[in-house]
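J.: One structure is given below, represented as structure tokens, and several questions about it will come after.
The values are calculated or read from the model by the stated rules, or taken from the named source; none is laboratory data. Only a predicted model underlies this, so the values are computations on that prediction, with no experimental measurement involved. Cβ atoms come from the backbone with ideal geometry, glycine included; neighbour counts cover every protein chain shown.
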Amino acid sequence: MTVGALFRGLKEYLTGGRLRLILLLLLLLLAAFTLYLDITIRAQFEGKRWALPARVYARPLELYPGAKLTPEQLAAELTLLRYHQVAAPEEPGSYRRAGEEFELLTRPFLFWDGNQNVLRLRVELDAGRVHKLRDHKTGAAVNLARLDPLLIGSIYPAHNEDRVLVRLKEVPQDIVNGLVAVEDRKFFSHHGVDPRGMARAAVTMLRGGAVQGGSTLTQQLVKNFYLSSDRTLRRKFTEILMALLLESHYGKEEILETYVNEIYLGQDGNRAVHGFGLASHFYFGQPLPRLTLAQSALLVALVKGPSHYDPRRFPQRALERRNLVLAELHRREFISPRQLAAARAEPLGVTTRPPSGASPYPAFLDLVHRQLRRDYDEDDLRSEGLQIFTTLDPQAQRAAEHALTRRLAELERARGMPAHTLEGSVVVTSAQHGEVQAVVGGRDTLFEGFNRALDAQRPIGSLIKPAVYLAALERPDSYTLATPLDDSRLVWKERGIKDWEPNNYDMEFHGRVALHTALANSYNVATARLGLDLGVPQVMETVQRLGVEREFPTYASSLLGTSELAPIEVAQMYQTLASGGFRSPLRAIREILTVDGKPLQRYPLAVEQAVEPAPAYLLTTALQGVVREGTGQGLRQYVAPAVGVAGKTGTTGDLRDSWFAGYTGDRLAVVWVGADDNRPVQLTGSTGALVVWGDMMAQLDPEPLALPPPETIERVWIDPKTGRRAAKDCQGAVELPFIRGSAPKENAPCATAAPVRSWFKGLFGE
């Protein structure tokens, strides 16, 4: 068939109105497709445009007269916050230091209780505390000021996009001009498409090239917002139609604002950097409004290809592209020849190391994420742009990480172990409020995998003993700190299980010993006999009252810590003791704000009295004895005795696990040291975990633990040999606290004028 015959046949087929019908159907299909695209565009543009990550912040450092703070600590905090040390602070986020005196300009920040504007402060420190806090300009006293909190991580949407939203008025005019000069010269005059650009793209396509070029800023936005990156004729047609629709509904400023927040500008691991707001921080470490002309030009240069022109990987390539943008700005008369020359002479100026999207505190962020899941759907958590204020104390976190990594390496070298044999974890909380200040999940502090602080369930050994002694001290008619316990050989027979015969660590028996002495020296046999007399179920009930949610088996061996807990669970247990018997769930979150800065949910302090004040006080004084004269006395190398640390060592069978849990006046911490494969590490609680704990607390300068005794407590001098009342000047007499009416009634015969020691010496001013 000839071509002419083909056309004649087609003409005959289309006669009789068929052509009009086909054209009508095509128009209807186009109208339906256009309506669909219109609905799609408006739904996204008028609804929630972006899935925003949740931002997670550390606690803000509060400055007020009397606050405990050294010059080194303040300088370290400012460094973490990327404040710049300068000769004369003029910009927010800058400071000057002169010895113990600081002048600084804070950054504005929206906190959960309101907005704090830029403050120019003069901070005078003395003897480790804030001596004076004044407004540097007026000299007026300032009662309280906060530094902007450290961003410690983000919880990203499923596609791992990250952005910092900015308003168009916050975007430097140089960026707007650069986009117009390089990407879309007729942006403010066209209606979504550039016919000349389209013509150039069509010519390229007809010549056999890929569909490319001719895209306006509006078309680029459509492609990023709605379409794939496939270069096909169908996608190009859809892009053009959507661009026309977008411009018919929305103004140029709104389209441009959306563009500067959406455009892809780089990659940080698996995090995609979108928008000029985040790119400014990612490449230059500063907010978008503070960029120079040269820096703005570099960001515009990256629009063409963030990977190809990556200024950290390909600096020369990026420099050439930046200078091209500057040249276009000059050619379009947006900048003067002088500005062009000055900007071209500037280096790229990108930071050597970009602020990573990965958290420097993954173990703590893991805890935050778990607590958030109780109250939020995962989709909302990853898309609503929440601002999450946590309890993390960067100073405590830094001290915990440093102590763990350094001491584990030292322990390995001292014992001839292969490197990285030992592992460990640390949990630090505020002693009174249960706020988690630090979490270290392992010696590789940046590892985002297995979190030993939360998930490593290990036998706790002697850490359970305080629960045994607390259960006894809650029965003042039967037990006091002076009650003699039997530390002789024990064989426990129970139907259906093997006979149980506990031994002391030193493989000796010590006869009759005072209750406080048995705890201080961690005597297993005396503790086991005491627990059996009390009843194992009653002791396990005490463990649960202290905050352990899981149920322990009621075997006799459970009295010596054969059951397993994670360090965070041990911290919950000891938190109740540190707070004087008041149980409060450990919390890592203080407040949550919406993306608009509105309070969304509060995490108030929830407190419940689990132990009466008097027995809690007795147990704390006994745990102070553990550190003063028992298994924990090695702490004196790190922390002054006057601090009065209350603590307990823990060692498990075959020396597989080393534990120490202790608290001061302001902090509680739990440390575990062991091996992931459960091999014996030949470390006791006092030779392993205690060393890490002590090193950490030495860096933190803890507050003394000096509990005021409840009204029902009296102090009585006791003869340790007989457990009876003694005169103050009796040889070896010790002064012990008792619940009123429970002290021994009988007097002990003793010699006078002999050395005397008080159990409380150095703790209460004696």
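J.: Are any of the residues in region 311-330 modelled with pLDDT of 90 or more, closer than 26 Å to R49 by Cα and charged (D, E, K, R)?
T.: Initially, region 311-330 is screened for residues modelled with pLDDT of 90 or more, giving 311-330.
If we keep only those that are closer than 26 Å to R49 by Cα too, we end up with none.
Among the residues of region 311-330, not one is modelled with pLDDT of 90 or more, closer than 26 Å to R49 by Cα and charged (D, E, K, R), which makes the answer no.
J.: Of the numbered conditions (1) at pLDDT 95 or above; (2) surrounded by fewer than 22 Cβ atoms within 10 Å (Cβ to Cβ), L619 fails exactly one; give the number of that condition.
T.: All conditions are met except number (2).
J.: Quick one: which residue in I592, I568 is modelled with pLDDT of 95 or more, among the β-branched types (V, I, T), touching a strand residue (DSSP E or B) at 6+ places or on another chain (Cβ under 9 Å) and under 30 Å from L386 (Cα atoms)?
T.: Details: I592 fails: modelled with pLDDT of 95 or more.
It is I568.
J.: Within region 331-358, work out how many residues are in a helix (DSSP H, G or I) and touching a residue at least 60 places away in the same chain (Cβ under 8 Å). Spell out the reasoning first.
T.: So in region 331-358, the residues in a helix (DSSP H, G or I) come out as 331, 337-345.
Applying the additional criterion that residues be touching a residue at least 60 places away in the same chain (Cβ under 8 Å) yields 331.
Result for region 331-358: 1.
J.: Do you know which residues across region 583-599 are crowded, with 18+ Cβ neighbours inside 10 Å and in a strand (DSSP E or B)? Please lay out each step first, then the result.
T.: Taking region 583-599 as the starting set, the residues that turn out to be crowded, with 18+ Cβ neighbours inside 10 Å are 583-584, 586-593.
Within region 583-599, R583, R587, I589, R590, E591, I592, L593 meet the criteria.
J.: Being among the β-branched types (V, I, T), surrounded by 19 or more Cβ atoms within 10 Å (Cβ to Cβ) and closer than 19 Å to D310 by Cβ: is that true of I263 here?
T.: Details: among the β-branched types (V, I, T): yes; surrounded by 19 or more Cβ atoms within 10 Å (Cβ to Cβ): yes; closer than 19 Å to D310 by Cβ: yes.
Judged against the criteria, I263 is a match.
J.: Which numbered condition in (1) over 30 Å from L319 (Cβ atoms); (2) at pLDDT 95 or above is the only one that A341 fails?
T.: Result: A341 fails condition (1) only.
J.: Where residues in region 119-148 are assigned to a strand (DSSP E or B) and β-branched (V, I, T), which of them is surrounded by the fewest Cβ atoms within 10 Å (Cβ to Cβ)? Before you say what the answer is, go through the steps one by one.
T.: Initial filter on region 119-148 (assigned to a strand (DSSP E or B)): 120-126, 129-135, 141, 145-146.
Filter once more, keeping what is β-branched (V, I, T): 123, 130.
Details: V123: 24, V130: 18.
Across region 119-148, the extreme among qualifying residues is V130.
J.: Right, here's the next one. Consider Y603 carefully, then state whether it is among the aromatic types (F, W, Y) and either touching a Lys or Arg at 6+ places or on another chain (Cβ under 6 Å) or closer than 23 Å to N503 by Cβ (or both). Before the answer, list the steps.
T.: Details: among the aromatic types (F, W, Y): yes; either touching a Lys or Arg at 6+ places or on another chain (Cβ under 6 Å) or closer than 23 Å to N503 by Cβ (or both): yes.
Spelling it out, Y603 is indeed among the aromatic types (F, W, Y) and either touching a Lys or Arg at 6+ places or on another chain (Cβ under 6 Å) or closer than 23 Å to N503 by Cβ (or both).
J.: Among the residues of region 29-64, write down those that are at pLDDT 70 or above, exposed (fewer than 13 other Cβ atoms within 10 Å of the Cβ) and of a type in the set (A, V, I, L, M, F, W, C).
T.: Correct list: L29, L35.
J.: Can you tell me which condition V350 does not meet? The list is (1) under 27 Å from M697 (Cβ atoms); (2) of a type in the set (A, V, I, L, M); (3) surrounded by fewer than 19 Cβ atoms within 10 Å (Cβ to Cβ), and all the others hold.
T.: That leaves (1) as the condition not met.
J.: Let me ask another. What number of residues within region 371-400 satisfy the criterion of being of a type in the set (K, R), touching a residue at least 24 places away in the same chain (Cβ under 8 Å) and closer than 22 Å to P599 by Cβ? Please lay out each step first, then the result.
T.: Narrowing region 371-400 to residues of a type in the set (K, R): 373-374, 382, 398.
From the residues that got through so far, the ones that are touching a residue at least 24 places away in the same chain (Cβ under 8 Å) too are 382, 398.
Going one step further and asking which of them are closer than 22 Å to P599 by Cβ, we end up with 382.
Qualifying residue count, region 371-400: 1.
J.: If you go through region 279-292, how many residues are crowded, with 23+ Cβ neighbours inside 10 Å and either β-branched (V, I, T) or out of contact with any strand residue (DSSP E or B) (no Cβ under 6 Å at 6 or more places or on another chain) (or both)? Working first, answer last.
T.: If we filter region 279-292 for residues that are crowded, with 23+ Cβ neighbours inside 10 Å, which is where we start, we get 279-280, 282-283, 288, 291.
Still in the running and either β-branched (V, I, T) or out of contact with any strand residue (DSSP E or B) (no Cβ under 6 Å at 6 or more places or on another chain) (or both): 280, 283, 288, 291.
Here the count works out to 4.
J.: Which condition number in (1) in a loop (DSSP other than H, G, I, E, B); (2) surrounded by 18 or more Cβ atoms within 10 Å (Cβ to Cβ); (3) of a type in the set (V, I, T) is the one that T722 fails?
T.: Among (1) in a loop (DSSP other than H, G, I, E, B); (2) surrounded by 18 or more Cβ atoms within 10 Å (Cβ to Cβ); (3) of a type in the set (V, I, T), T722 violates only (2).
J.: Any idea which residue in region 149-168 is nearest to G277 (Cα to Cα), counting only those that are assigned to a strand (DSSP E or B) and under 20 Å from the mean Cα position of the chain (by Cα)?
T.: We begin by selecting, within region 149-168, every residue assigned to a strand (DSSP E or B); these are 151-155, 161-162.
Remaining after also requiring under 20 Å from the mean Cα position of the chain (by Cα): 151-155, 162.
Numbers: L151: 16, I152: 18, G153: 17, S154: 16, I155: 18, D162: 10 Å.
Once the filter is applied, the top-ranked residue is D162.
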